[in-house]
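Bear in mind these aren't lab numbers, they're just calculated from the coordinates by the rules spelled out. Keep in mind the model is a prediction, meaning the values are calculated, not measured. In this analysis, Cβ positions are derived from the backbone assuming ideal geometry, glycine residues included, and neighbour counts consider all displayed protein chains.
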Ligand code: PGA
């Protein structure tokens, strides 16, 4: 029912020249892949270099962040319309690295989600618990709070443009991915909360991705779970062979 979605988050890596080269290699490695959707998220400064390389292919351009206002005196800010003008289709919002290193709160994430939706972008909302929260039995509470607060005042009509990435903070960049059981449990909590917010029908098209140390070795397991609609890949998305293997993992 939901088209599988694999997104690569390049984080703070690649100059424009490097990014264009990486994108070219990904385009050729993914030739013949049509049954799912793939997006790459280069840094802001490489978006203009990657856009023309993937134009006309099935790979979509994503940004890693955006500002919550449309324009104005926000030095260093990048607005949704600037991203749209570069051909971005998707934008990551609320990645845990933004929350941890840049102090982003659920409230700010909510404003960014609404800015993306005001424009023509499709936000990928990132949520996920810290290790202490999981160990303290607070998984459900944390996910419900993040989903509720980050999606406050988002209409059911806009839900179809939304994706959610479940990214447990302890799994990001550690090589220690969530088990399938843990991922499925979290995805079920998130889907149930989306259904409460939007209604079952409007929530149905929202894809829920897993993220955190996704690799060629564990991608097929995630692909085998009906609750997992795709993956958000960090480190492995910078390695063409690994990213291609994840995309071809049997979604
Ligand atoms: P990772 O990062 O795949 O390197 O763990 C995932 C992410 O941060 O989205």
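At-a-glance table
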| quantity | calculated |
| --- | --- |
| Residue satisfying all of: in the stretch 223-238; part of a helix (DSSP H, G or I) and within 12 Å of the ligand (Cβ to nearest atom); surrounded by the fewest Cβ atoms within 10 Å (Cβ to Cβ) among these | 238 |
| Residue within the stretch 123-138 that is in contact (Cβ under 8 Å) with a residue 40 or more places away in the chain, out of contact with any helix residue (DSSP H, G or I) (no Cβ under 8 Å at 6 or more places or on another chain) and within 20 Å of residue 65 (Cβ to Cβ) present | yes |
| From the options 183, 177, residue that is within 16 Å of the ligand (Cβ to nearest atom) and in a loop (DSSP other than H, G, I, E, B) | 177 |
| Test: residue in the stretch 117-126 that is surrounded by fewer than 21 Cβ atoms within 10 Å (Cβ to Cβ) and in a loop (DSSP other than H, G, I, E, B) | yes |
| Hey, residue 113 under 19 Å from residue 206 (Cα atoms), surrounded by 20 or more Cβ atoms within 10 Å (Cβ to Cβ) and out of contact with any helix residue (DSSP H, G or I) (no Cβ under 7 Å at 6 or more places or on another chain) or not | no |
| Residue in the stretch 191-201 that is within 16 Å of the ligand (Cβ to nearest atom), surrounded by 16 or more Cβ atoms within 10 Å (Cβ to Cβ) and under 24 Å from residue 8 (Cα atoms) present | no |
| Pair list, Cβ under 6 Å, 6 or more apart: the stretch 86-110 residue closer than 16 Å to residue 173 by Cα, other residue within 12 Å of the ligand (Cβ to nearest atom) and assigned to a helix (DSSP H, G or I) | 96/169 |
